[in-house]
Amino acid sequence: MRSLRFIAAGALVSHPQLALQSLDGMAHNLYPLLFKASYLLERVEVVRAVLGRWPAEEFPLGALLGPSGDHPEDLRDRACRACLEACVRGLADHALQGGRHRRLRVADLTGIQDVQVQRCPCGRALGKWGRTRLLAKTCCALQAEPLGAGRPVQVLADLFVTEGNFEVVAQALRPAGRAPLRVQCPSLRADSLSPRQLLQLLRLAGPGSLRSLAVVHNVRLHAGHVRDLLRVGLPQLASLTLPTKAFDTPPAWAPNPDAEDALLTSIAGELGQMSRLTELGVAFSRLTGKVPKLLGPLRTPLRALDLANCALNHADMAFLADCVHAAHLEVLDLSGHHLADLYPATFFRLLGRAAQTLRVLTLEDCGFTDSHVSMLVLGLSPCHQLRELKFLGNPLSARALRRLFVALCELPELRCVEFPVPRDCYPEGAPYPQDELAMSKFDQQKYDEIAQELRAVLLRADRGDIQVSTPLFGSFDPDIQETSSELGGFLLQAFKTALENFSRALKQAE
């Protein structure tokens, strides 16, 4: 329930001119209420003015939009374009002020959650990439302005950088003088950059304070690049995600197992120096037999590990089942490995050791069939902390899924299940794993009937709190959604370059 104070703040900001006239005489402890009320009602002129006159030394955007005693609703999932633009403009206004109004020292713009459906009245979102560009352009515009008395305002922001905004972000991170706004980057996501650009960006962003680094999709790295990247020094890094084929041997190297082993040892040594690293994602890198060497030197137990489609062998699985990380894992992705057929004992030993902590488990395209359901039920039964289970792409029948859902009802914390289209809905003899075209050719009416039966299983067990779905082409990714046109252009250019190289090679062969 909203407090009377918040209701009064909402009434005031509903009359923007009156609110703007009243700000200078307002008690400082009311500014957080005015900010949240104006953000909720999308009174952007008030949002800008409140931040322009912010009376405290810190402005924590995420905390201000989160639940409070005056207003329990969480607004952090409202990435409202109009309000966020007003925030940045108000921040610029504040940074250029002198005198008693200029008190702000740190503006923390992290904490915004990007979601598929915006709840703000305008319905227009400003995603992470857009927020990055807006802040960078604002910082660059202010670099020509005199700082005046006092220190610059430090701005904490999660950055998402691609080829499309690289230049302006790089300029914002390397001001020539004492700029009014100085960007600090606790979290960096990079896509569609060259290795040289990535390394430059990392150095500019301040690797000594970086806590999260995600290098994804269209950044073409090999193991030599990864080693150079880690040698920059990332002492505070807690989360690291690397792109596809990041552990491939550099193409210029002649085949040499000893050199490849030395390169992996060097990378593992750099990871071992990161005393805060607890999340590691290396999906779609061929790591056959390399997991013990890669994870063995780590100094802290991992809480999140993504090894999807890494071509693991028995030695890798045995290491995972017995290593120190197993008892601390909260998020685990082993998609793309036929676990029940190839490594049944080690896989279920790993589940048993992770049972007390595991919250999210992803087992897509793992070859689970009806004959494996009893083993799967047995392995999952002790995982009482599990909140999300994703097992798309496994050839399970409707009967097997019903049996599995009965068992899932016994997991008290489970809230989300992503299950495959039942095998019954595809033509007889359909092969697995499926490509995207084959995956989409199923009997929709039959699927709807089976899905309804599965939801009925949950309701009979009084587990309507479990949300179930079949996102055939993956869950919503706000970052990919926001930059899809740029990524598409990047892929087309890469395809064109590959064709030109192939044509050149053919001519040389002739």
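All of the numbers you see were taken from the coordinates with simple rules; none came from a lab. For clarity, every value in this text was computed on a predicted model and none was experimentally measured. So basically every Cβ, Gly included, is an ideal-geometry build from the backbone, and we count neighbours across all protein chains shown.
Some points to look at:
- Alpha-carbon centroid distance for the pair the range 233-261 / the range 438-457, whole angstrom: 42
- Order of 112, 480 under a 10 Å beta carbon neighbour criterion, fewest first: 480, 112
- Net length available on complete extension from residue 122 to residue 465 is 120.5 nm, with 0.36 nm assigned per residue and the Cα-Cα distance removed.
- Taking the three principal axes of the alpha carbon atoms in the chain, the coordinate ranges are 73, 65, 47 Å, sorted in descending order.
- Kirkwood Rh, angstrom, the range 1-99 [1 / mean 1/r, Cα pairs]: 13.4
- Using R0 = 30 Å, the C-beta based FRET efficiency linking residue 440 and residue 211 works out to 0.15.
- Projecting label points 7 angstrom from Cα along Cα→Cβ for residue 171 and residue 144 puts them 0.9 nm apart.
- Only DSSP H runs of four or more residues enter the estimate; each adds -39500 (n - 2.57), and after division by the residues of the chain the mean residue ellipticity at 222 nm equals -12500 deg cm²/dmol.
- From least to most packed, judged by other beta carbons within 10 angstrom and beginning with the fewest, 274, 26, 317 follow the order 26, 274, 317.
- Estimated at 0.36 nm per residue, the fully extended path between residue 232 and residue 154 surpasses their Cα-Cα distance by 25.8 nm.
- Applying a threshold of 28 Å to the alpha-carbon distances of 245/390; 36/128; 137/245; 245/293 flags 137/245 as lying beyond it.
- Here's the picture: a label point sits 7 Å out from the Cα of residue 341 along the beta-carbon direction, and within the range 384-427 the residues with their amide nitrogen under 14 Å of it are 394-396.
- The value of relative contact order for the chain, using C-alpha pairs under 8 Å at least six residues apart, is 7 percent.
- Aspartates and glutamates whose Cα lies under 20 Å from that of residue 290, excluding same-chain neighbours fewer than 8 positions away: 228, 248, 258, 260, 261, 270, 279, 306, 316, 322, 333
- For the listed peptides 433-439, 60-66, 224-230, a ranking on the average number of other beta carbons within 10 Å per residue, highest first, reads 224-230, 60-66, 433-439.
- Of the peptides 208-215, 37-44, 125-132, the ranking by mean beta-carbon count within 10 Å, highest at the top, reads 37-44, 125-132, 208-215.
- The range 66-82-the range 293-309 distance, computed between alpha-carbon centres (Å): 35
- Residues 196, 203 in ascending order of nearby Cβ atoms (within 10 Å, fewest first): 196, 203.
- Multiplying the residue separation of residue 68 and residue 407 by 0.36 nm and subtracting their alpha-carbon distance yields 118.2 nm.
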